[in-house]
Amino acid sequence: MTSHKIRQSFLDFFRSKGHLIVPSAPLVAKNDPTLMFNNSGMAQFKDFFLGNGTPPSRRIADTQKCLRVSGKHNDLEDVGFDTYHHTMFEMLGNWSFGDYFKKEAITWAWELLTEIYKLPKERLYVSVFEGDAKDGVPFDQEAWDLWAPIVGEDRIILGNKKDNFWEMGDTGPCGPCSEIHIDLRPQADVDSISGKSLVNNDHPQVVEIWNLVFMQFERKADSSLIPLPSTHVDTGMGFERLCMAVQAKMSNYDTDVFQNTINVLEKLSGKAYGSEEPFTDIAMRVISDHIRAVAFAITDGQLPSNVKAGYVIRRILRRAVRYGYSYLGFAEPFFHKLIPVLSEQFKDVFPELTAQEEFVTRVILEEEKSFLRTLESGLKRLDIIMANLKEKETNVIAGSEVFELSDTFGFPVDLTALIAREKSFIIDEAGFQDALAEQKARSRKDASKEATDWIELRESDGVEFLGYDFEETHSHIVKYRKVKTKTGEEYHIVLDRTPFYAEMGGQVGDTGTLHFNVNGDSKVVNIVDTKKENDLFVHISRDKNLDDALQNAGIVVAHIDEERRHKIKANHSATHLMLSSMREVLGTHIGQKGSFLNDELLRFDFSHFSKVTDEELKKIEDRVNEKIRENIPLKVMTNVPIQEAISMGATATFGEKYGDFVRVIIFDPEFSFELCGGTHIPSTGEIGVFKFISEGSVSAGVRRVEAVTGEKALEIMRQQEDTLNQLKDLLKGPKDLVKAVENLLDERTQLQKKIEALENEKIQQLKTQLLAKVKSYQTFNLVVEKVNVPGAESLKQLSYELREQVENLIAVFGTEIAGKPQISVFIAENVVQSSGLNAGSIVKDLAKEIRGGGGGQPFFATAGGSDASGLDKALEKARELF
């Protein structure tokens, strides 16, 4: 049975059991501050378990893209070294939201595995939660009683909290679970040792394939457990492990899920998977796993970067490239060449990769090029470090140096250790961990935020958002909490109905006020932002001492800042017009890669492989303003089935999670027709005017534009006009301002050339004087002098020109430039090689005399300082040294 058939059989089976089949959520977590990536099948359904939303069906099944490379769930270091852990993986799941519970979940799981997939019953084991006295959770007798007649008591294993109590994070829904394990060992091994003893003992052929989680509790911030309002079922079956079991393979990587990619790697590298070279197989497993994580993360909107989720993706990508470089001989970019086979394999499951294949390929290619350059520069830095250590007769690379290679050069610590071992060096692992821990401590301090549990004031079926139609609502406070931040304390307030738009889709959250009476007195609470947390609209206030007021509030009048909202709406609608215009001018490949808009400006990131020219920007700008002048009325379609909306021509943004029913924003069906949950102006004429203010690169294959509308655009145009008038005044009102500036620049260029000629003449005279002062020694020629030169760059020119006339030269010069002392040290390369001298080390020592610092290469280095009075002493120190 192929992997495609295995996946489809799962979905068909649960469809036959009355389940609604839903699409996977994006790999990148949206609107959930507790997650960086969706790391489990249940992540997109968390609100339903918490009672903050209503699921489209009480029975759901799907295959979910998951990523486990950060936080509590982190499998990265295991990937490649074993045969069953992955970064990105598919999680097949069936869900019950207050419908069926343990009996149906267990019965159906057994039916699917043994009757549809034909897995041997005698090779299957199950585990049941043994209970935990500390948490006050009893032994799961119900699950035991259901499993016993199916598998027999001898195939049931009692599991502890670590293995059989599932929690998504430090807080949230949780409950006991039953895992299903399979023994895939050869029959001879099965006959000699019982598989039961190997369950949960990291045996590569005795593995968990399905976890049936019975949601009964919610974990609070103080670690206590409270029962959920109703019980639910959350199951997760690792698709890759299931394929290994059904296809009777000894490794996930032997299945057709990975073999297509591995076959390409074999052709590109000329190496065979399954060879006797120890790291060849590991490298191919790492690469074939990591390409999936990187490709689908980029597809879902997360580009590699140096921060947060982007850094995780960059780290995965670099780990793969490093393995290819070190063990498969790839000195040139190769990783991006795996995208076509991946796109073809998943085109019927996750078609978003096929739709963005060219873009994803280009992004990965640019990242590869960058990191391969990093590898080269890191190797050079490592060579210098090891050369210095040889002088000191030690073979231990300091932890701080290893951390510098990792932090500054992006050089993985494991690669540093590998190369060090090859050259008989070792790294100070403890020192590196100390440096890393210091960095993490700084990061934790910077990101520290403490939150209390929600204080529940009334029951609610969820938040009703009325902000599309109203600027004010009469509401009740459902709950609130206090949050400590770096700048003070915040109150997070949830209302049962609100006009406040929460930050989503690039649009900032609303600000405004809450008005209510407390014991007959009027109270005003200022709202400075609105965020969406799961499906809750969280109104943020920095007012002080609100507990009593919030707990005793009556009806709340929630009122947004209308003027600010109107400017935001204008910018949002202008973004839609701009995107449609871009596709007309630049091509239909333009896709949204990020956006931000507030009442000041709109910022838009999009896929494009070259700079947008000034002429193209003018065409886009003209087209947008044309649509503004047409004063096109807004048409909104709500609760449209998503497939119907897309078939009608609506544009969706990849990486966004849409529900089964969507909202469609239309400004002329032939021009702008998009899925969007944001707020918009009633007609395009209210935008006023549209003006670009910048265009530039964000990353490989991604450009960014910024623009303004309405009053802000008028303000910027007036500022530009004022600047032009000031220039005209400075230049005595020329008729042709551009020509006048060009003449000034030409004059400046001619004067600069004259200055350079005079400076060069001075350098030549100085060089002649210095040649007479060179002193000869047995193995080198030395000149140490204080010189008068026009700039620091002249010290280098002087040293290099003297080198051409003096063999085995060592030159140390000092000068003052604008009152600041400068020192340069030059050592001929043959002298460096024969003597082991290092200009960088020497100049650092000399710089102490001028209260400064510096560095450079072994043959040339410079330093600057703050105390010019020490310059003579520094030069005398140099004479004594040599």
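The values are calculated or read from the model by the stated rules, or taken from the named source; none is laboratory data. Note that the coordinates shown come from a computational prediction; the quantities given were computed from them, not determined experimentally. Don't worry about glycine lacking a Cβ; one is built from the backbone with ideal geometry, like all the others, and counts go over all protein chains shown.
For the range 390-402, which positions are surrounded by fewer than 17 Cβ atoms within 10 Å (Cβ to Cβ) and in contact with a strand residue (DSSP E or B) (Cβ under 9 Å, 6 or more places away or on another chain)? Across the range 390-402, the qualifying residues are Asn395, Val396, Ala398.
Answer yes or no: is there a residue in the range 268-288 that is assigned to a helix (DSSP H, G or I), touching a Cys at 6+ places or on another chain (Cβ under 9 Å) and surrounded by fewer than 24 Cβ atoms within 10 Å (Cβ to Cβ). For the range 268-288, residues assigned to a helix (DSSP H, G or I), touching a Cys at 6+ places or on another chain (Cβ under 9 Å) and surrounded by fewer than 24 Cβ atoms within 10 Å (Cβ to Cβ): absent. The range 86-166 holds strands (runs of 3 or more DSSP E) entirely within its bounds, and those carrying 3 or more residues that are under 41 Å from the mean Cα position of the chain (by Cα) and under 21 Å from Lys196 (Cα atoms) map to 124-129, 156-159. Against the test of being touching a residue at least 40 places away in the same chain (Cβ under 8 Å) and surrounded by fewer than 14 Cβ atoms within 10 Å (Cβ to Cβ), the options Asp348, Asp383 yield a single qualifying residue, Asp348. Going by what's in this entry, would Lys593 be described as surrounded by fewer than 24 Cβ atoms within 10 Å (Cβ to Cβ) and either at negative phi or touching a helix residue (DSSP H, G or I) at 6+ places or on another chain (Cβ under 6 Å) (or both)? No. Inspect all residues belonging to the range 385-393 and state whether any of them is outside the structural domain of Arg292 (by TED's automatic domain parsing) and either within 30 Å of Ala295 (Cβ to Cβ) or outside any helix (DSSP H, G or I) (or both). Yes, the conditions are met somewhere in the range 385-393. The residues of the range 226-265 that are in a strand (DSSP E or B) and crowded, with 18+ Cβ neighbours inside 10 Å, listed by number, are Leu228, Thr231, His232, Val233, Asp234, Thr235, Gly236, Met237, Gly238.
Give just the number: which of (1) of a type in the set (A, V, I, L, M, F, W, C); (2) crowded, with 16+ Cβ neighbours inside 10 Å; (3) over 23 Å from Glu391 (Cα atoms) does Ala818 not satisfy? Going through (1) of a type in the set (A, V, I, L, M, F, W, C); (2) crowded, with 16+ Cβ neighbours inside 10 Å; (3) over 23 Å from Glu391 (Cα atoms) one by one, Ala818 breaks only (2). Exactly one residue out of Ile620, Ile628 is touching a Gly at 6+ places or on another chain (Cβ under 9 Å) and either in the same structural domain as Phe692 (by TED's automatic domain parsing) or closer than 19 Å to Arg704 by Cβ (or both): that is Ile628. Once the range 526-547 is narrowed to residues that are under 15 Å from Lys479 (Cα atoms) and hydrophobic (A, V, I, L, M, F, W, C), the residue that is modelled with the lowest pLDDT is Leu536. Scanning the range 795-815 for residues that are in a helix (DSSP H, G or I), among the polar types (S, T, N, Q) and within 24 Å of Thr768 (Cα to Cα) turns up at least one hit.
Pairing each residue of the range 489-511 that is over 13 Å from His559 (Cβ atoms) with any residue that is of a type in the set (Lys, Arg) and assigned to a loop (DSSP other than H, G, I, E, B), provided the two are 6+ apart or on different chains, yields C-beta distances under 7 Å for Glu490/Arg542. The one condition from (1) at positive phi; (2) surrounded by 22 or more Cβ atoms within 10 Å (Cβ to Cβ) that Ser223 does not meet is (2). Put simply, of Ala558, Ala570, Ala574 the only residue that is surrounded by 18 or more Cβ atoms within 10 Å (Cβ to Cβ), out of contact with any Asp or Glu (no Cβ under 7 Å at 6 or more places or on another chain) and either modelled with pLDDT under 95 or farther than 21 Å from Ala700 by Cα (or both) is Ala574.
For the range 826-866, filtering for residues that are outside any helix (DSSP H, G or I) and touching a Gly at 6+ places or on another chain (Cβ under 8 Å) leaves 14.
Among the listed residues Ser697, Ser672, Ser683, identify the single one that is surrounded by 20 or more Cβ atoms within 10 Å (Cβ to Cβ) and hydroxyl-bearing (Ser, Thr, Tyr).
Only one candidate passes the filter, namely Ser672.
Screening Leu758 on (1) outside the structural domain of Leu601 (by TED's automatic domain parsing); (2) under 28 Å from Phe500 (Cα atoms) shows it passes everything except condition (2). Candidates are the residues of the range 84-141 that are farther than 29 Å from Ser3 by Cβ and charged (D, E, K, R); the one that is surrounded by the fewest Cβ atoms within 10 Å (Cβ to Cβ) is Lys134.
Out of all the residues in the range 154-165, is one or more in contact (Cβ under 8 Å) with a residue 40 or more places away in the chain, closer than 14 Å to Lys102 by Cβ and not small (Gly, Ala, Ser)?
Taking every residue of the range 154-165 in turn, none turns out to be in contact (Cβ under 8 Å) with a residue 40 or more places away in the chain, closer than 14 Å to Lys102 by Cβ and not small (Gly, Ala, Ser).
Counting the residues of the range 698-730 that are among the small types (Gly, Ala, Ser) and modelled with pLDDT of 90 or more gives 3. Check whether at least one residue in the range 406-420 is outside any helix (DSSP H, G or I), at pLDDT 85 or above and aromatic (Phe, Trp, Tyr), and report yes or no. Looking for residues that are outside any helix (DSSP H, G or I), at pLDDT 85 or above and aromatic (Phe, Trp, Tyr), one finds none in the range 406-420, hence no.
Answer with yes or no whether Glu240 is in the same structural domain as Val321 (by TED's automatic domain parsing) and either among the charged types (D, E, K, R) or within 30 Å of Glu142 (Cβ to Cβ) (or both). Spelling it out, it is not the case that Glu240 is in the same structural domain as Val321 (by TED's automatic domain parsing) and either among the charged types (D, E, K, R) or within 30 Å of Glu142 (Cβ to Cβ) (or both). Is one or more of the residues making up the range 13-29 modelled with pLDDT under 85 and surrounded by 23 or more Cβ atoms within 10 Å (Cβ to Cβ)? Within the range 13-29, one or more residues are modelled with pLDDT under 85 and surrounded by 23 or more Cβ atoms within 10 Å (Cβ to Cβ). Of the residues that make up the range 741-760, is at least one surrounded by 12 or more Cβ atoms within 10 Å (Cβ to Cβ), over 42 Å from the mean Cα position of the chain (by Cα) and within 30 Å of Lys873 (Cα to Cα)? Looking for residues that are surrounded by 12 or more Cβ atoms within 10 Å (Cβ to Cβ), over 42 Å from the mean Cα position of the chain (by Cα) and within 30 Å of Lys873 (Cα to Cα), one finds at least one in the range 741-760, hence yes.
Restricting the range 547-590 to residues that are touching a helix residue (DSSP H, G or I) at 6+ places or on another chain (Cβ under 7 Å) and polar (S, T, N, Q), which is farthest from Glu352 (Cα to Cα)? Among residues in the range 547-590 that are touching a helix residue (DSSP H, G or I) at 6+ places or on another chain (Cβ under 7 Å) and polar (S, T, N, Q), the one farthest from Glu352 (Cα to Cα) is Ser573. Count of the range 170-187 residues, restricted to those that are in contact (Cβ under 8 Å) with a residue 24 or more places away in the chain and assigned to a loop (DSSP other than H, G, I, E, B), is 3.
Looking across the range 733-766 at every residue that is modelled with pLDDT of 90 or more and basic (Lys, Arg), the one that is farthest from Leu795 (Cα to Cα) is identified as Lys739.
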